[in-house]
Structures are given as C-alpha cells and as structure tokens.
Amino acid sequence: MKCRVTAMVLGCVLFLAWPSSATIRYRISVAHPERHFFSVTMDIPQAPSDLVVEMPAWNALYQIRDFAYRVQDVEAARLSNGNSAQPLSVTKLTKDSWEINSLAHGLPDNGPAKHPAPSATAGILELRYRIYWDDPGPFNSQVNSHHAFVNFAELLFYIPEHRSEDTRVEFNDLPMSWKMAAVLPTGDARNSLVAQSYDALVDAPVELGEFKEVGFAQSGAHYRIAVDGNVDVDITSLTDGLKRIVKYETGLMGGAPFREYLFFIHIGRYMEVGGGGMEHANCTAISAATTKGALEVAAHEFFHVWNVKRIRPQTLEPVDYSREQYTRALWFAEGVTSTYGSYALLRSGISTRGEFYADLAEQINELQSRPARLWQSVEQSSLDAWLEKYDFYSRPDISISYYNKGQILGDLLDLTIRDETDNRRSLDDVLRRMSAEYALRGKFYDDSMGVRRVAEEVAGRDLGEFFSRNVAGVAELPFDKLLAVAGLELRDTTESSLDFGFEMIRGSDGLATASEVAPGGPAEAVGLAEGDVLVTLNGQPFPQSFSHWTRDHRDNGQPVQLLTERDGVRKQFELIPALRDDSHYEIVEMAGATKRQVRIREGWLQGTNDGPTH
C-alpha cells in the first residue's frame, strides 16, 4: 500500500476505519463553459477526521504531466444535520496531495496541531475545487462554449486506499442543448454515471455537447459513434469503415469482450494541435483531420481492446498514478498494435495492397533515417517513453520510436513464424494464445520474455536470436532476408538533397522557426540557433515546405541568403549547404517468386494460414 509523507501511518489506519460501503460522489459543474473551468465537489460519506486526497500525476500519455498545477481554490467542510457545515483545514503535502483535517479555519495558533485518533465520522466530508482545462482530446480535457470532453483522471481527486470502491459522477449546469455520451452505466440522477472503482471511472471518458451519434450492432455487441467537429463528416463512410475494422479484429480475436463499445470521434476542429487516439477498455477517443484519418487511427485504437487493455504487461499493473511506470514492452503493446492497425485496414478492404506496402516502406525509411537505431534498442525506447515530452529527445540522433520499430518487428516476426511453420502458424496465433493465457485468466505477461515464450510455442522453435538481436539489441533489421520469405524485395532509391544542418517547424502563428540544429553542421557554423525565426530564403518568404525546396534545388550547391530574427533583431546569414544522400525505400513483389513465397505472401496479406489454428 502506498501512503505519503505525514499520512504514512494514518492512511493505513484509515483503510480499516472507513466502512468499505462508502461511495464517493463527484459533482462536476460546467456553468460558464467559456471560462474553461470545471467546478468539482467531492462528497465523501462517513469520512475519518483526517484524510489525504491525491491528484494523478499522469494519465493517458506516458508522461508526468502533474494535473495538480491546474487546481485552484481547494476548500473542505463537514456537513451534518442536512444543512450545517463545519469548515475544515486543507494543507497541501506535496505537489499532488492534500490533507483535510478537523481543525477549523481561523483558529488561533496554539502550537502543533494534535489530531484526534482516526475514526469514521457522521455526515459527509465535502471537498470543493476548480480546475482549468481547455486542451483538445483525446489525451486532455476541455470545456468551452462548444463542448466538453472529460478524462476523469485529469479532473478528479482520489483517495489512494479507496480506489477500488464504487464512485458516482454527476454533471450539473449543462447548457440546455447539450447531451452526454459515455460508456459507463447511468445513475439515478440526470446526467449521472456510476463506476465500480476509481480506476474504472478514469478509463471511461465523457463527451458533452451537441455531437452527432449513430450506432450499429455486430457479432453480439452494440457500437456507438459520437462525432464532433467543424468539418462535414461523411457519417455513412465513417460507419462503414468502423464496421469493417470491428468485423475483422473481433473475428481475428474470437469475439468482443464487451457488450457495448463507444467511438468518440473529433474531426477537424482540434487539428491545430495534432491528432491521435487514446484507448480505453470499452471505448476510444480519436482526433483526426479527415474521415479517412479517423479510420486509420481507429484501426490501431480498437485493437487495443485486446493488446494493452486485456493482454497487458505485468510492469503496467497495478497502475500507479503518482509516478512513472517503466516497461520494456511498449514495442509490443503499441508497436505491434500498429502492425495490426495496418493489417486491419488491408484485410478489411479499406486500404489496398500497394498502400500497405507503401506504409511499411515508410516505416522502414523512418527507422533507417534515425542514427539512434544503432545504439537505442526498441526495449530501451519503451523504457524511455517518459522522456518523450522533451522536444530534444525526439531528435533522430537521440531516439527511435517504439511505435515505429515495433510495427516493423510485428511484420518481421509474423514472416519469421510463417517461414518456420510453412505458413501453418502466424503472429495471429501468438495474439490469440496470449489472450487465452493472460487476458482470459486475469494474468499479465512478463514484458518481452512473455512475448518470446508464446511466439516460440507457436513457431515450434527457439527465437532467441530474433529477440536478442532485434528487440533487446541494436543489430540492423534483416529486411531483405525476411521480406524474401514472402517474395518481396526492399528497394533503396537514394536521392541527393541539400543539407542546411537544421530542420524547420511552423507554429500555430504561422511563423517558421529553426529546430534540430545539427552540431558541426552548416547552420551551426554560421551561428544559427534553435528557435530563430526564418523570415526569407534568397529574398523570398521562407517556403511552406522546406523539405520540398531542398529536394527541388539539390543540384544547386550554391550559397543561400537566409534572413532570420531573434529577440526582435534581424540578421542576414550566408549559408553554404552540404549535399547528403537520403534513402527512400519501396517494397515490390519479386517477378520470379516461388510458389511457396507467393503462398506465404498471400497468407500474410490476407491473414490466413495453411493449417489449423491453436
């Protein structure tokens, strides 16, 4: 049991003193949504005389984000006899924990406080605070005049010793035209929800607003789609695509492990800060620019129903909201989920064979363009996920992505198993067996070793070399060898381009700025620094696509004139770019592929085996 600072002994006593039947109730007001504040009231029945509450330090992303810095105006009172309220003192213990005790505000200072022995007290302890959120989902929370999207872990305090107990949430002061979409059961009150635990509550976000909603039934489960955005959305195409994804993935995994599932789709409105998706046990939240983009994200996120939410590494259990949770398995949990996202798009008919090849080639191109692949393994990349919030960490010479290399490894492991079993087994069998051995038994796997053990059972041979070299190690991946198993060839079409020694990023204000200034490169040599505003290039406004400009001028190695601005001061540089070779890959089918190669290739692309599955 985790207890904090001065509450170390106290919290453990409270666990025994507080009746387990006590249900915590949250009331969330969204009055004046244009001010971007959620006003929260937390009612704690039969609470002890002294209590510690906490705010999660992280949720959704593998990043410590310290939601507590958004909290304001924390107050507490003891309610009794229906209407009388006794003010309680609130003392902040750490950056994300508070102690509430029975000493009233304004009492004279008579020396150190003497807390009474903890015991259940009649009445309700009422905790009130405000919290500011106006960041688009799916990883954040937001309230504005248009809508509200709520990730509960980013809004609600919790009591560490009572996370497993029932909770109730009620939304108040909603605009008359707003409605609610949620996967949790509804409570007795209007706009209220119930959850079996705090953990279940924070794994079920809520959309409030004037969204569109449609639904469909498939394979014994019901699916809802709540769509919000500021662009025209082809609901028919979106629904058809989601049906295809759901049909393929539930068919692959032997059915849906739920009776209802909800897709939250945010399209268009939120893309100024980027898109993405966030998985939950029985729902997913997706932000995308287009309907097609939403389907591409959904193919990945829906497969998380199994891989991550139910097939789960032991290192992520139980969740600890107060600190980082390190795991070496994100290459499988996230990367191989991306493998199945690409499989779902292809095998359901949403994308073509050519698009599948192009995506895999692009993933290979991304990995090979990062020098860090030669020293950072995909396991270490998984372990270092908590560093991703730092821009410097994303540099190609500093890190690789466990999403990127993990997706490639999923394809290569699949081809390895098909080769070893003459296409009688595949990666599909690995996922199904892990579901049977872990998810359905309430067990968790031992990071990469757990994956390796099941893969070896399926393949019928030792895969130590594959895992030691490619997962734990930093050897160059055997693309040619394993793609040839399926009669495929990886072609390297190298092109020359100008290397200025920096990258360009464009902010929401439209300004182009320098980033990733390479040590010893042409830009650093003349004094350019990260963050410098790029005003003109050869007397013309800095190009919208710097990468296209460098490719179009790759035969011109002449000096260029660069006008920049730093701290309001403009400066002219003459920069002499270098030439560099950029590798670009494409995957093509061999003209003289053998019957075996073609058989494996078609099985891989279509998701079929030549033997019984186990």
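Read-outs throughout are calculated quantities, based only on the coordinates presented, and are distinct from any laboratory measurement. Here the structure is a predicted model, which is why all the values come from computation and not from measurement. Reconstructed Cβ throughout: ideal geometry from the backbone, glycine too, with neighbour counts over all protein chains shown.
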(message) Can you tell me, using C-alpha contacts under 8 Å and at least 6 residues apart, the relative contact order of the chain as a whole percent?
(response) 10
(request) Report the antiparallel proportion of the DSSP beta bridges in the chain as a percent, rounded to a multiple of 5. (result) 80
(request) Loop only per DSSP, at most 14 neighbouring Cβ atoms within 10 Å: give me the GluC sites (Glu not before Pro) in segment 176-276, ordered by residue number. (result) GLU210
(message) Per DSSP helix of 4 or more residues, -39500 (n - 2.57); summed, then divided by the residues of the chain. What does that give at 222 nm, rounded to the nearest 500?
(response) -7500 deg cm²/dmol
(request) Please tell me which of these pairs span more than 25 angstrom C-alpha to C-alpha: LYS243/LYS309; LYS212/LYS309; LYS389/LYS481; LYS212/LYS292? (result) LYS212/LYS309; LYS389/LYS481
(message) Among SER287, ALA578, SER497, whose Cα projects farthest towards the positive end of the dipole of the chain, with charges put on the beta-carbon of Lys, Arg (+1) and Asp, Glu (-1)?
(response) SER287
(request) Find the relative contact order for segment 34-89 and round it to a whole percent, using C-alpha pairs within less than 8 Å whose residues are 6+ positions apart. (result) 17
(request) Identify which of the listed values of mean projected area of the Cα convex hull in nm² was calculated from the structure shown: (1) 38.2; (2) 32.7; (3) 57.7. (result) (2)
(message) If you fit an axis through the alpha-carbon atoms of helix 353-368 and take the longest principal axis of the Cα set of the chain, what angle between them do you get, 0 to 90°, nearest 10?
(response) 80
(request) State, as an integer percentage, the relative contact order of segment 322-448 based on alpha-carbon contacts under 8 Å between residues 6 or more apart. (result) 35
(message) Only four residue types carry charge here, +1 at the Cβ of Lys and Arg and -1 at the Cβ of Asp and Glu. Report the dipole size of segment 373-444 about the Cα centre in Debye, rounded to the nearest 20.
(response) 260
(request) Filter the GluC sites (Glu not before Pro) in segment 387-490 down to the DSSP loop ones having no more than 14 other Cβ atoms within 10 Å, then list what survives. (result) GLU476
(message) With both bridge residues required to lie in segment 234-393, what share of the DSSP beta bridges run antiparallel, to the nearest 5%?
(response) 35
(request) Assuming a ≥ b ≥ c are the square roots of the Cα gyration tensor eigenvalues, decide whether segment 156-290 counts as rounded (a/c under 1.5), prolate (otherwise, with a/b larger than b/c) or oblate. (result) oblate
(message) Compute, for segment 212-305, the length of the dipole vector about the Cα centre, with Cβ point charges of +1 (Lys, Arg) and -1 (Asp, Glu) only. Units Debye, rounded to 20.
(response) 240
(request) Pop the C-beta distance of GLU565 and LEU61 into the FRET formula with R0 = 35 Å and round what comes out to the nearest 0.05. (result) 0.60
(request) Please compute the net charge surrounding SER468, taking Lys and Arg as +1 and Asp and Glu as -1 over other residues with Cβ under 12 Å from its Cβ. (result) -1
(request) Could you work out how far helix 291-303 tilts from the main Cα principal axis of the chain, as a 0 to 90 degree angle to the nearest 10? (result) 70
(request) Classify segment 495-582 as rounded, prolate or oblate from the Cα gyration tensor: take a ≥ b ≥ c as the square roots of its eigenvalues, call it rounded if a/c is under 1.5, otherwise prolate when a/b beats b/c and oblate if not. (result) prolate
(message) Among DSSP bridges having both ends in segment 212-305, what percentage is antiparallel? Round to the nearest 5.
(response) 45
(request) With +1 on each Lys and Arg Cβ and -1 on each Asp and Glu Cβ, and nothing else charged, work out how big the dipole of segment 554-604 is about its Cα centre, in Debye to the nearest 20. (result) 300
(request) If a/c stays under 1.5 just call it rounded; otherwise compare a/b with b/c (prolate if a/b is bigger, oblate if not). Do that for segment 146-228, with a ≥ b ≥ c from the square roots of the Cα gyration tensor eigenvalues. (result) oblate
(message) I'd like the FRET efficiency for THR494 and SER80, computed as 1/(1 + (r/R0)^6) with the beta carbon distance as r and R0 of 60 Å, rounded to 0.05.
(response) 0.20
(message) Quick check: Cα centre of segment 41-70 to Cα centre of segment 298-341, how many Å?
(response) 24
(request) Calculate, for THR536 and TYR390, the FRET efficiency according to 1/(1 + (r/R0)^6) with r their C-beta to C-beta distance and R0 35 Å; round to the nearest 0.05. (result) 0.70
(request) Taking the chain as the reference, fit the longest principal axis to its C-alpha atoms, fit the long axis of helix 235-253 to the helix C-alpha atoms, and give the angle between the two in degrees, 0 to 90, nearest 10. (result) 90
